[in-house]
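Q: Take a look at this one; I'll ask things after.
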Amino acid sequence: MTIELEATGIVKRYGPLVANDHVDLSVLRGEVHAVMGENGAGKSTLMSILYGMQQPDAGRIVLRGAEMHYRSALDAIGAGMGMVHQAFKLFNSLTVWENVVYGMEPTRFGFIDRREAARRVAALAERYRLQVDPNAVVGRLSVGVRQRVEILKALYRDARVLILDEPTAVLTPQERDGLFDIIRYLTADDRTILFVTHKLHEVMAITDRVTVLRDSKVVDRMVTSETSAREIIRAMTGRAVNLTVEKSPANPGAVVLEARGLTVATDGGKPVVDRVDLAIRAGEIVGIAGVAGNGQTELIEALTGLRISDGGTVSIHGTDVTALDVERHRDAGLAYIPEDRATTGTALAASAADNLAMGFQRKPPLSNGSLLDRNAVTSHAKTLIERFGVKIGSEQLAVGTLSGGNLQKVVVARELSHRAPLLIAEQPTRGVDVGAIEFIHGQLVAERDRGGAVLLVSAELTEILALADRVLVMFDGRILAELPAAEADEETLGLLMAGRVRDAHLTDGTEAA
Amino acid sequence: MSERSVRTTRLPQIPAVPLAIGIGILIGGLLVLASGGDPIAAYREILIGALAPANWPNTLNWAVPLVGMTLVAALPLRGGMVNLGGDGQLVIGGLVAALAALYLPLPGPLLITASILCAMIASGLYASLAAWGETRFGIPMLISTLLLSYPAIGVASYLVGFPLRDMATGLAQTRMIPDAARLPVISGPLNIGLILMIVVAIAVVFYDRRTVGGYELRMRGLNAKFAGYGGVRLASQQVRVMFASGAIAGLVGAILVLGSLYRYQDGALLTPGYTWSGLMAALLAGGAPLGAIAAGLFFAGLQTGGFAMQRETAIPRVLTMVLQAVIILFLAIRHGVGRKSS
Ligand SMILES: Nc1ncnc2c1ncn2[C@@H]1O[C@H](COP(=O)(O)OP(=O)(O)OP(=O)(O)O)[C@@H](O)[C@H]1O
Ligand SMILES: [Mg+2]
């Protein structure tokens, strides 16, 4: 086999921090090569160097035998590289098709042929079974749908070497399988895939070889068929990680969150959230399963007060909060991990201390209501950083430089530490490493056992299956079915999520709404 | 966009400021040279005019309203909001202060306090009108603050031009305010307005650094969606901040009227262009109060120096305005470049 891409001695420093420390990586033509490592190990940094977005401080990149000196990503794209970014690089105010064809627009008489562009994008989406509306504005889409756009964008460019940086973090199993089909199709065509993920079963399923990074260095190289998930974890973390969640049966108490007939309309079209009824009790974890774009995002926005609903009521602990702002939802007992950590969950330019203080700023110990106690803010941040293992130099640094998983930990740490009666967690482990998943899952269960009501939204079915005591399936804006955890399995949920109630063979005790 | 790509530096890096000032001085010098003047002499006069101990009172006196208007712009800017209505708020403050001083039947110190408070409240309310318009009806403040200035200026001009005009002089101005309403003098042109402004500046810096409100405002400026999600009440915050911003403008108006002009005179508050110099200073610092105050002081020095230079040499004081503009442009370029490469 020939070597397609080879990097040797890559070094990248950010001030005192060494993000890549003499990294060597060798990728064969036509293989799927996994790059794994804990949050902050330097995976994204390495990928962005291979893609020409960052210049290494030292090291060589050789692509198909020729040494490359990228001045920018444009050079790399010209050389046949493509990348799906972990932190999406999309224009939020443009439509899906505009984002996809950007830089490679089909033209007609020198003008962009909009019809043709939209048609091509629709055809591409159709061919790879990625559901998106080419004319939708990206900023209004949920994170899961934006992920599809990011993938489409890379596919449209028809790259020889495709870098996928955590492309499945918010995909559902069906979509993930769809992506795997695409990957197989591409490698059959002798294209090369670099695949970054934290999901071990994906690595075992699709990749040929694995390079493991730890603390910015390569610590191991393996052939997938000759290794196991356990061994990879050990290489990444240096310890064994418990992948199953231990939890006792739930002990539901009083209703904490209740929604009646909740509706979110769209301009003209049919409602995105359609007369949803739900009740979450103290001491239980309720999971919402569903393919991204079926109204989960809007439902959660309406439940949390980020969006004014067009009908129905929401109450928390008996307080009607339907038309109230987030502040009053939080007063009534809400903590909330939003799916979009970068635009909602944090202020990237603000320090970790400031980010972690949000929501605590009006109460002791961080303040007396009007004056902020800066020492308390600092020690609050230090405690959380320590407890959740956020990899950051100091709590005074802006969180914008954190790796994806570490940024996620900042949000999760803050919201969990509210110890609120109600926790709404949207994709809480998006992009975090196995060790941190274990920890966060443990914390969510502890939250429940403490008597908290937890509403969990996740594209990751295994997460829902592992944590939820009760599962609601959302399809087309409605709660299509509700089933107890005991009766939920991947297959049933998968069918329900596709709207196929009849095929799902629901047994008694399970309601199809 | 997301995560990494949004990282922009708000404050220019330290070396950028001296660089921009250096380039500004160079270009200004070339301009003087081209028009047949002596740049060295010009700059010497500016420096002496601004910084020689004998001229400090003048510089400070000019700095009081300029730094005041800097804070007017900086406070909302810290939260990502823009108040372009400084002129209108300044005029309302000045007029209300003059009217209160003329017509309120109060003795000395009380009269001063009452006049100042009336001015601050009137301007504060006028500014919060724009905030209310945006939170309630979605009228962008960027537009409404600017537009609301025109009726304020127009009405004030009409009032002192006709019903309230001082018939003794031929000008559009009110009568002189009574002695009791005049701000006590510290020395020369300096009055206790200076002290009031120092107190306000300290209060703003303290608010920004130490208070819950300041924290929430900063977070809003960095990411309004995050602030809203975190439980900051954006609408009431906007109204409150605009009230405070307008109130400072009202205070500046009152200080000018009660401390230097002793009457409200049509146009007198606006001719020096404090609002716009202040806005530029605030923009330079990205709304950070201390930086904005420093920039405001620098502009005040530059402008007072300009008067001195015009007096001592044949070079018109527009040169200092050119300097100011060039410096800002260069800092802005640095900003733009920094943003692109990140
Ligand atoms: N622009 C930057 N400035 C400063 N530090 C940075 C920058 N980009 C990355 N880092 C740091 O480099 C380290 C590696 O980051 P990187 O994003 O490569 O991690 P990662 O392996 O992709 O992690 P994750 O699994 O969480 O995505 C982190 O500690 C991060 O904080
Ligand atoms: Mg990463």
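Laboratory data are not the source of any read-out in this text; all were calculated from the coordinates shown. Since the structure is predicted, the reported quantities are computational estimates derived from the model, not experimental observations. We place every Cβ from the backbone using ideal geometry, glycine too, and count neighbours over all the protein chains shown.
Q: Net charge near A:Asp133: determine it from the other residues with C-beta under 11 Å of the C-beta of A:Asp133, scoring Lys and Arg +1 and Asp and Glu -1.
A: So the environment of A:Asp133 carries a net charge of +2.
Q: Ok, one more. Amide H neighbours of A:Ile337 under 5 Å, at least 5 residues apart or on other chains, H built in the peptide plane: list them.
A: Excluding prolines and chain starts, which carry no amide H, the hits are A:Ile424, A:Ala425, A:Glu426.
Q: When you count, for each residue, the other Cβ atoms within 10 Å and take the mean per peptide, how do A:101-108, A:142-149, B:192-199 rank with the highest first?
A: Sorting A:101-108, A:142-149, B:192-199 by mean packing, highest first, produces A:142-149, B:192-199, A:101-108.
Q: Ok, one more. At what distance in nm do the modelled label points of B:Trp276 and A:His201 sit from each other, each positioned 7 Å from its Cα along Cα→Cβ?
A: 6.6 nm
Q: Also, I was wondering about something else. Collect residues whose amide H, placed 1.01 Å from N in the peptide plane, falls under 5 Å from the amide H of A:Leu194; neighbours closer than 5 in sequence don't count.
A: So A:Leu194 has HN proximity to A:His33, A:Leu162, A:Ile163, A:Leu164.
Q: Stokes-Einstein D for the stretch A:343-419 at 4 °C, 1.567 mPa s, Kirkwood Rh over Cα pairs, in µm²/s?
A: The Stokes-Einstein estimate is 106 µm²/s.
Q: Also, I was wondering about something else. What is the sum of charges around B:Leu102, taking Lys and Arg as +1, Asp and Glu as -1, for the other residues whose C-beta is under 15 Å from the C-beta of B:Leu102?
A: +2
Q: Would you be so kind as to identify which of A:Ala381, A:Met222, B:Pro151 lies farthest towards the positive end of the dipole of the protein assembly as shown, taking Lys and Arg as +1 and Asp and Glu as -1 on Cβ and the Cα centre as origin?
A: Of the options given, the answer is B:Pro151.
Q: Amide H of A:Gly287: which non-local residues (sequence gap of 5 or more, or other chain) have their own amide H closer than 5 Å, using H built in the peptide plane?
A: Those qualifying (amide H under 5 Å, at least 5 residues apart or on another chain) are A:Leu456, A:Asp469, A:Arg470, A:Val471, A:Leu472.
Q: Calculate, in nm to one decimal, what A:Ile308 and A:Asn368 gain on full extension: separation in residues at 0.36 nm each, minus their alpha carbon distance.
A: My answer for the length gained is 18.5 nm.
Q: Quick one: Karplus J couplings for the stretch B:256-268, per residue in order, coefficients 6.51, -1.76, 1.60, θ = phi - 60°, nearest Hz, x for Gly and Pro?
A: Karplus values, whole Hz, x for Gly and Pro: 5, 6, 7, x, 10, 7, 6, 6, 8, 10, 4, x, 5.
Q: Once the piece of chain linking A:Arg328 and A:Thr462 is laid out straight, how much longer is it, given 0.36 nm per residue of separation minus the C-alpha distance between them?
A: Gain in length upon complete extension: 44.9 nm.
Q: Angle, helix A:434-449 long axis vs. longest principal axis of chain A, Cα atoms, 0 to 90°, nearest 10?
A: 0 degrees
Q: Spin-label point model (7 Å from Cα, Cβ direction): what's the A:Thr244 to A:His22 distance in nm?
A: 4.3 nm
Q: Let me ask something else. Once both axes come from the Cα atoms, what is the angle between helix A:143-156 and the longest principal axis of chain A, in degrees from 0 to 90, rounded to 10?
A: The angle comes out near 20 degrees.
Q: Right, here's the next one. Give me the percent relative contact order of chain A, please, defined on Cα pairs under 8 angstrom at least 6 residues apart.
A: 15 percent
Q: Run the numbers for A:Asp181 and A:Arg500: contour at 0.36 nm per residue of separation, minus the present Cα-Cα distance, in nm.
A: In short, 112.6 nm is gained.
Q: While we're here: What is the calculated FRET efficiency for A:Asn92 to A:Tyr128, with r their C-beta to C-beta distance and R₀ = 22 Å, to the nearest 0.05?
A: It comes to 0.45.
Q: Can you give the FRET efficiency to the nearest 0.05 for B:Ile202 and B:Arg44, using r as the Cβ-Cβ distance and R₀ = 25 Å?
A: 0.15
Q: Hey, got the average number of other protein chain Cβ atoms within 10 angstrom for residues in B:232-240?
A: Per residue, the number of nearby Cβ atoms from other chains is 2 on average.
Q: Right, another one. Translational D (Stokes-Einstein, µm²/s) of the protein assembly as shown at 37 °C and 0.692 mPa s when Rh comes from the Kirkwood sum over C-alpha pairs?
A: For these conditions, the coefficient is 109 µm²/s.
Q: Could you let me know the centre-to-centre spacing of the stretch B:75-144 and the stretch A:334-383, using Cα atoms, in angstrom?
A: For the stretch B:75-144 versus the stretch A:334-383, the Cα centre distance is 33 Å.
Q: Moving on to the next point. Along each principal axis of its Cα atoms, how long is the stretch B:40-314 end to end? Whole angstroms, biggest number first, please.
A: The principal-axis extents, from largest down, are 56, 51, 32 Å.
Q: Still on this structure: Can you tell me which aspartates and glutamates have their Cα less than 20 Å from the Cα of A:Lys12? Leave out same-chain residues fewer than eight positions away.
A: Hits, sequence-local ones excluded: A:Asp21, A:Asp24, A:Glu38, A:Asp57, A:Glu67, A:Asp75, A:Asp165, A:Asp215, A:Asp220, B:Glu3.
Q: Just need log10 I(q)/I(0) for chain A at q = 0.12 Å⁻¹, Debye formula, equal scatterers on the alpha-carbon atoms, no solvent, rounded to two decimals.
A: Summing over Cα pairs of chain A leads to -1.18.
Q: By a straight-distance test (C-alpha under 17 Å), which lysines pair with A:Lys153 as possible cross-link partners, with residues fewer than eight away in the same chain excluded?
A: A:Lys89
Q: Given points 7 Å out from each Cα along the Cα-Cβ axis, report the A:Ile112 to A:Ala486 separation in nanometres with one decimal.
A: Here the modelled spin labels are 5.6 nm apart.
Q: Calculate the FRET efficiency for B:Tyr103 and A:Leu397 from the Cβ-Cβ distance with a Förster distance of 60 Å, rounded to the nearest 0.05.
A: 0.60
Q: Please list, or write none, the aspartates and glutamates whose alpha carbon is within less than 15 Å of the alpha carbon of A:Lys247, excluding same-chain residues fewer than 8 places away.
A: A:Glu284, A:Glu438, A:Glu447, A:Asp449, A:Glu463, A:Asp469
Q: Same structure again: Residue by residue through A:349-361, how many Cβ atoms from other chains fall within 10 Å of the Cβ on average?
A: For this peptide, the per-residue mean of nearby foreign Cβ atoms is 4.
Q: On a C-alpha basis, how far is the centre of the stretch B:56-70 from the centre of the stretch A:1-47 in Å? Whole number, if you could?
A: When both Cα centres are located, 57 Å separates them.
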